[in-house]
């Protein structure tokens, strides 16, 4: 009787230790998730897009190509880079009531471009281009904070979106579409 | 004897003829092979170059502007970390006149190099060499240093102490013109300004966290800092990768630029942590 209780309690102890170790591993993993998410993502075959440290040298995310640009079919594409701790360009001008395609990539860690007052959000992943098309109904100035913790300056990482009427947008030069001055 | 004579005698002329024939043919064959490989190589390079230029012109309709040729690849980091501080010490004789014997300049518009981190030092040297950062003085000097020598210098200046030395003729801690501005500087350095999208200085320049290529500012000269922030904001200096420093400096007001530069220049900024 006493022997069987002892073995059972020893068995329970082992299970308890195993459960504790598993829980601890899960907690540690969830706390340090941001250090393993990208390697796992790359292991699964992601991240075949532009090379994060060389965005400024070649490809579509070179400095002069950022901001809103009209495609050959008249569609509007905004190209952005998210990096610690500013978006490039930091302020973009888009027309109202026109579908705008955002293409965003990251130069270092995972960021998320979100639009205050809307449900829109775009995850910026290094080595990957995220694309989505949004339409902004109201004109005005909106904040675009980073919605994924990215480091010490994360709380101050905020872009700005200026939605202007369509007729006001058309005459703007490419350089004027990526600045709010 | 007989057999040896026979085997030897016809061998000589035959061998000689054969050899000469062989060399001639081989020479011809090798020659044609070389020409063929060269032609193929030429064609490949021409094709590759053509394709590259094609894709570039398609991708970037506006003229391509490259802020800096430096990329933080593993290869770049390897070159920089292989820098030898002793070789740097010998090379630094050329820099002492302006940047000081101990890496602290006696003139406030010249930057202090002591304690500067290796990556930012190396990047600035490469940008001076390629003309991505313009300076009448530094461009010709930087052209005299190879990538490896820049890495040696970077290693040397990174290990120089940033502690004060009363015997050294340095401009560094200059008291603030208006101490009342300190509160503006502290706010920007520690918290930044989220409403305008200005991240805190210390989140990239240390000591809270570092970004590759961002120099520590805690022992930098006041006038140099103010000048550089001004150059970033008006676009005269544009060698920051992905418009990072330009878009921040553009948001700062004149008073904020002065306040932050004076605060760091007075030696009040958060200290250099071990890197």
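Taken together, the values in this text are just the output of simple stated rules run on the coordinates, not laboratory data. Computed from a predicted structure; not experimentally measured. Every residue, glycine among them, receives a Cβ derived from its backbone with ideal geometry; neighbour counts consider all protein chains shown.
Structure values in brief
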| read-out | value |
| --- | --- |
| Average Cα contact separation per residue, chain A, under 8 Å, 6 or more apart, as relative contact order % | 21 |
| Per-residue Cβ neighbour rank within 10 angstrom, fewest leading, B:257, A:13 | A:13, B:257 |
| For B:255, B:262, order by how many other beta-carbon atoms lie within 10 Å, fewest first | B:255, B:262 |
| Test item: A:147-157 mean partner chain Cβ contacts at 10 Å | 5 |
| With Cα atoms, 0 to 90° folded angle of helix A:2-31 axis to chain A main axis | 10 |
| Segment B:188-275 shape via C-alpha gyration tensor axes, a/c threshold 1.5 | rounded |
| Of A:113, A:161, A:44, the one that fluctuates the most in a GNM where chain A has Cα springs shorter than 10 Å | A:44 |
| Degrees between helix A:33-43 axis and first principal axis of chain A (Cα, 0 to 90, nearest 10) | 80 |
| Cα shape, segment A:52-178, gyration tensor, a/c 1.5 rule | oblate |
| Mean Cα-pair separation over length for segment B:181-275, i.e. relative contact order, pairs under 8 Å, 6 or more apart, % | 35 |
| Likely footprinting exposure, A:80, B:159, fewest C-beta neighbours within 10 Å first | B:159, A:80 |
| Tensor-based shape of segment B:74-159 (alpha-carbon gyration tensor, a/c under 1.5 rounded, otherwise prolate or oblate) | oblate |
